[in-house]
Amino acid sequence: MFYFEEINGKKILKSSLLNGLNHFFTTRESVIKTKEPEFELIVENNKKDICKYLEIDEKDLIHPSQTHTSNVDVAKIGVTSYPDTDGLILTNNVQAVYLNFADCTPVIIYDFENNIAAVSHAGWRGTAGNIVSKVVQKMKEEFYSKPENLKCAIGPAISFCCYNVGEDVYRALSKTVQDFSKLFEIRQGNIYVDLKGINKRQLTDVGVKHENIDVCPYCTVCNNDIFFSYRKENATTNRHSALVKL
């Protein structure tokens with residue numbers, strides 16, 4: 001179940017399934033990514049608040065250079081540059097990792113046995129590239145994670161109600177799971193897909209337990225008062241973020 005908390009009076013979103021992991025999704029109030037001048041001071045103050053909350057230096061609040069790939073890397077102490085990376089695994093307790101979103105699907109994956117966490121940016125391209133499956137595979141190969149020991153939170157994103165796509169996107173996504181039949185609908189001649197549901201299915205297809213996946217009910221379009229939406233806000237550069245710290 002998802003629930004709201006606050007950092008210095010500013011709203012953040014958490015999943016009760018991931019209790020034991022320091023994690024949250026920022027909101028419009030706690031935004032830490034913008035290119036819009038009127039948000040710059042807000043972002044600067046929010047980053048200070050978040051670093052104080054996490055008890056880390058700002059240099060250790062790191063994020064990759066997201067480019068809608070399905071590339072996955074591992075965070076390393078002292079390294080801040082991760083080009084063309086949309087999934088980042090955290091294995092140390094010095095750094096905090098965050099990725100940015102404004103309709104795309106954020107996925108946090110936590111290995112509670114080995115105390116390893118990851119954040120993935122699963123827009124339609126990342127989802128078509130099976131990014132969450134690749135994160136799980138990398139965690140298995142490099143850190144001996146077992147899918148049955150993973151807990152996952154699929155965060156606020158554009159939902160089934162609002163995500164209409166073209167045939168090319170539909171075809172690309174339909175190839176990524178074993179059963180796509182309930183993950184799309186045709187409404188008045190338009191194709192709608194369930195991006196959160198596809199990512200959940202990709203996770204269960206690689207062995208994550210159904211009960212270990214928490215899917216956020218918030219839609220970034222319908223709940224635009226809480227989260228940013230690229231589609232609804234005419235290509236806004238503001239982003240909410242998914243953040244983890246061990």
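Laboratory data are not the source of any read-out in this text; all were calculated from the coordinates shown. Worth saying up front: this structure is predicted, and the values here are computed from it rather than measured. Cβ: placed from backbone, ideal geometry, glycine included. Neighbour counts: every protein chain shown.
Of Lys14/Lys48; Lys59/Lys245; Lys76/Lys138; Lys140/Lys182, which sit over 23 Å apart, Cα to Cα? Each step should come with its number before you reach the end.
Numbers: Lys14/Lys48 20 Å; Lys59/Lys245 14 Å; Lys76/Lys138 15 Å; Lys140/Lys182 29 Å.
The pairs that break the limit, which is 23 Å between Cα atoms, are Lys140/Lys182.
Treating only the Cβ of Lys, Arg, Asp and Glu as charged (+1, +1, -1, -1), what charge dipole size does the chain show about its Cα centre? Round to the nearest 20 debye.
320
First obtain the Kirkwood hydrodynamic radius of the chain from its Cα pairs, then insert it into the Stokes-Einstein equation at 20 °C and 1.002 mPa s, and state the resulting D in µm² per second as a whole number. Can you show the working numbers first?
On the way: Rh = 17.9 Å.
For these conditions, the coefficient is 120 µm²/s.
Measure out, as a whole number of angstrom, how far apart the alpha-carbon centroids of the stretch 184-246 and the stretch 61-135 sit.
Using only Cα atoms, the two centres lie 16 Å from each other.
Summing +1 for each Lys or Arg and -1 for each Asp or Glu, what net charge is found among the other residues whose Cβ lies under 11 Å from the Cβ of Ala117? Walk me through the numbers before you get to the answer.
Values: positive: Lys151, Lys245; negative: Asp111.
Charge balance in the 11 Å sphere: +1.
What are the trypsin sites (Lys or Arg not before Pro) within the stretch 136-239 that DSSP puts in a loop, where the Cβ has at most 14 other Cβ atoms within 10 Å?
Numbers: sites: Lys138, Lys140, Lys151, Arg171, Lys175, Lys182, Arg187, Lys196, Lys200, Arg201, Lys209, Arg231, Lys232, Arg239; in loops: Lys175, Lys182, Lys209, Arg231, Lys232.
Passing sites in the stretch 136-239 are Lys175, Lys182, Lys209.
If you take the square roots of the eigenvalues of the alpha-carbon gyration tensor of the stretch 175-227 and sort them as a ≥ b ≥ c, do you get rounded (a/c under 1.5), prolate (a/b over b/c) or oblate? Walk me through the numbers on the way to the answer.
On the way: a/c = 3.19, a/b = 1.18, b/c = 2.70.
Because a/c hits 1.5 or more and a/b fails to exceed b/c, the stretch 175-227 counts as oblate.
Rounded to the nearest 500, what is the 222 nm mean residue ellipticity of the chain from helices alone, with -39500 (n - 2.57) per DSSP H run of 4+ residues and division by all residues? Let's see the in-between values first.
On the way: 5 runs with 52 residues, N = 246.
The helix-only estimate for the chain comes to -6500 deg cm²/dmol at 222 nm.
Answer rounded, prolate or oblate for the stretch 119-246, using the Cα gyration tensor with square roots of eigenvalues a ≥ b ≥ c: rounded when a/c is under 1.5, else prolate when a/b is larger than b/c, else oblate.
Numbers: a/c = 2.00, a/b = 1.32, b/c = 1.52.
The shape class here is oblate.
Once you have a ≥ b ≥ c as the square roots of the Cα gyration tensor eigenvalues for the stretch 1-130, tell me rounded if a/c is under 1.5, and otherwise prolate or oblate according to whether a/b is larger than b/c.
Numbers: a/c = 1.30, a/b = 1.17, b/c = 1.11.
Rounded, since a/c falls under 1.5.
So what is the relative contact order for the chain, in percent, with contacts set as C-alpha pairs under 8 Å and at least six apart?
Numbers: 566 pairs, mean separation 62.5, N = 246.
The value is 25 percent.
Which of Gly155, Gly129, Gly189 moves the most in a Gaussian network model of the chain with Cα springs under 10 Å?
Among Gly155, Gly129, Gly189, the largest GNM mean-square fluctuation belongs to Gly189.
Which ³J(HN,Hα) values, rounded to whole Hz and listed in residue order, are derived for the stretch 153-165 from phi using the Karplus coefficients 6.51, -1.76 and 1.60 in 6.51 cos²θ - 1.76 cosθ + 1.60 with θ = phi - 60°, glycine and proline given as x?
Running phi through 6.51 cos²θ - 1.76 cosθ + 1.60 with θ = phi - 60° gives 10, 9, x, x, 7, 5, 9, 3, 4, 10, 9, 8, 9 Hz.
Within the P(r) computed for the stretch 49-107, what percentage of the Cα pairs occupies the region above 19 Å? Write down the numbers at each step before the final one.
Working: 510 of 1711 pairs.
Summing the P(r) tail past 19 Å for the stretch 49-107 gives 30 percent.
Tell me the label-point distance for the pair Ala172, Arg28, using the 7 Å Cα-to-Cβ offset, in nm and rounded to one decimal.
Each label point is offset 7 Å from its Cα along the Cβ direction, giving 2.9 nm.
What nm distance separates the two modelled labels at Arg231 and Lys209, each placed 7 Å from Cα along Cα→Cβ?
3.4
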